[in-house]
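Below: the structure, in structure tokens.
FYI, it's all coordinate maths here, none of it is from the lab. Quick caveat, the model's predicted, so the values are computed rather than measured. All Cβ positions, even for glycine, are placed from backbone atoms using ideal geometry, and neighbour counts span all protein chains on display.
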Amino acid sequence: MRWQGGKGRILKPLLEVLQPLCEGATAYYEPFLGGCNVLPFIHHHDKIGNDIEPAAIAFYKYVQQGGAPLAYSPTKARYDLAKFSIQNNTELFMPLWEAFYIDRVSSYVGKYLGGWVEEKHQVKRRTELFDINLSNTTLYCGSYDSIEYKAGSLIYCDPPYVNTLGYASKFDHEGFYLWAHKQAEQSMVIISESWMPEELFTEIATIAYLHNGGSFRAVRSEKLFIPK
């Protein structure tokens, strides 16, 4: 799924790191599920996905229960209603899962609530959104620190990056660092970031990828860290 900061473009090398660590793990957690680009490809009997966005989790539950794509292409007016529904967490005009679907189908360059694009750009996204395997998965909606984590698990975190614009709310990175160290006392914690304080975290892998910025292309890197 197209998503700001999504991991679809680095999925293969990322799985080469994560999947072996799943062997013998009690459970696999993604507390920042976002665009759900990694969890469906992880092989484990007990997967837990969480996100703070109610509309996102509502959509993933709809897909998990066998829901089908909508038969229409969202208009600009329908997109505006969907955006209002997500921003206000209301089902006054439509179910939250439908609002999320409309945003993902219609949103410009995959940015969450990023503006409407014309129908000709929506067709391919309609089926892609429903090509998600959520078997063996439990879904939660809430803050990353509201889940009860089983000891001996693998926890893959993809939080909002430091100094990155475009997220709906400010993220407490220092609080997250403390939480990650606490979890690392009983489980394996791996964090995707572009930078983390070296006195607190150790870089274990760097994944290079080609970033397409529309009018330009550039080689960028994704880094994986573990708490020290």
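Brief remarks on what is shown
- For the range 71-89, taking the residues that are loosely packed, with under 13 Cβ neighbours inside 10 Å and not in a helix (DSSP H, G or I), the one that is nearest to the chain's Cα centre (by Cα) is identified as Asn89.
- Options Leu39, Leu14: the member that is more than 21 Å from Glu91 (Cβ to Cβ), touching an Asp or Glu at 6+ places or on another chain (Cβ under 7 Å), of a type outside the set (S, T, N, Q) and touching a residue at least 40 places away in the same chain (Cβ under 8 Å): Leu39
Residues checked against (1) without any contact (Cβ under 8 Å) to a residue 24 or more places away in the chain; (2) under 16 Å from the mean Cα position of the chain (by Cα); (3) surrounded by fewer than 20 Cβ atoms within 10 Å (Cβ to Cβ):
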site: Glu30; (1), (2), (3): no, yes, no
site: Leu33; (1), (2), (3): no, yes, no
site: Ile52; (1), (2), (3): no, yes, yes
site: Pro69; (1), (2), (3): no, no, yes
